1. Please report Rg (one decimal) and Dmax (integer) in Å for the Cα set of the chain.
2. Which whole DSSP H helices in the chain pass both tests: a Cα extent of 24 Å or more along the axis and a mean Kyte-Doolittle value no lower than -1.0?
3. Going toward the positive end of the dipole of the range 52-163, with +1 on Lys and Arg Cβ and -1 on Asp and Glu Cβ, which of Phe59, Ala116, Val70 do you reach last?
4. Which of His12, His257, His88 moves most in a GNM of the chain, Cα contacts under 10 Å?
5. Quick check for me: using +1 on Lys/Arg Cβ and -1 on Asp/Glu Cβ, what's the dipole size of the range 1-153 about its Cα centre, in debye to the nearest 20?
6. Going by average Cβ density within 10 Å per residue, which order do the peptides 121-132, 73-84 take, highest to lowest?
7. With 31 Å as the limit, write out which pairs from Lys57/Lys79; Lys24/Lys123; Lys57/Lys158; Lys32/Lys158; Lys30/Lys191; Lys32/Lys163 have Cα-Cα distances beyond it, or answer none.
8. In debye, nearest 20, what is the charge dipole magnitude of the chain about its Cα centre with +1 on Lys and Arg Cβ and -1 on Asp and Glu Cβ, if you could check?
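Nothing in this text is a laboratory measurement; each read-out follows from the coordinates by a stated rule. Worth saying up front: this structure is predicted, and the values here are computed from it rather than measured. Note that each Cβ is placed from the backbone with ideal geometry, even for glycine, and that neighbours are counted across all protein chains shown.
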Amino acid sequence: QNERMQWWRDAHFGMFIHWGLYAKPAGEWKGKEIEGIGEWIMKRAQIPAVEYRQLAKEFNPVKFNAHDFVTTAKNAGMKYITITSKHHDGFAMFKSDASDYNIVDATPYGKDVIKALAEECHKQGLRICFYYSQSRDWNELNGLDNDWDFPKERNFQKYLDEKVKPQLTELLTNYGPVGLIWFDTPMSITKEQAQSLKDLVRKLQPECIISGRLGGGVETDYMSTGDNVIPATVVPGDWEVPATLNNTWGFKKNDHHWKSPVDLTRLLFDITAKGGNYLLNVGPTAEGLIPQESVDILAKVGDWMKTNSES
Ligand code: JFZ
């Protein structure tokens, strides 16, 4: 446990990346602005899965450059990157044999961005980590939480066996050493089901950390606070604050509510002083760019830390 956690405790600061098909509508569906966080647009607008899937046919992030992503993180002082390998919409940002609803098989782009990012992280000395939505999957008959397309009766175990476990196996086999798996919104996962996911991660990569949102009451390696929630006092143990730079995780073209570099620097010190890690999010566009505002803000956070730690 201690050995597995050491790099993470030393890291303090990481980059969260929410990137997927939802970057294409960017908060707007059929000319209407959809309220709420960008990556939830499918549910918020109750978009039928057959319709949402069409987004893949237009997803072509030709401006994506793994080197730029990792450099942006590194210059901000971040030591790890946690990227959405599959969010609640069910679309995999990596090549998957378990489901052809993935960036290589279903888009004109046809390249595995997770692979490019993992390789670049290994090269630049950052840890690559994967967010994976294990319960919610709005694209699958047997995944949880799509009640506008699919009947209430579902075989969640079948979804776990046929999609989640094979994809976790791919993620933990094809991309070298993985820093951690960030599970999310466990919903009705049972203890046995959660334990079987934990066992799988441990079997494939014993050094891989497991985040706090696995579910089923199963013990994980560290706790996540509520999103953007900072505890009032020093908290013992290992914990992390996942936080947004504006008011969304996934890209929304009309969200310009950016936090200032000085506020972010204060938050970073506040969190680390209380013993936690700060996982700060960027939401790349459908073209594959981290929004310029985010890049500029992170550069200033990095500058601030550098100038104040020298001399
Ligand atoms: C989840 C996701 O639904 C969301 O899209 C995003 O990925 C975020 C990082 O995680 O949302 C949550 C999950 C847990 C809490 C709040 C939002 N929580 O425990 O307070």
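1. Here Rg and the maximum Cα pair distance are 18.5, 64 Å.
2. Helices passing the filter in the chain: 292-309.
3. Checked the options; the winner is Val70.
4. His257
5. That gives a dipole near 520 debye.
6. 73-84, 121-132
7. Listed pairs above 31 Å: Lys57/Lys79; Lys32/Lys158; Lys30/Lys191; Lys32/Lys163.
8. Its charge dipole is roughly 140 debye.
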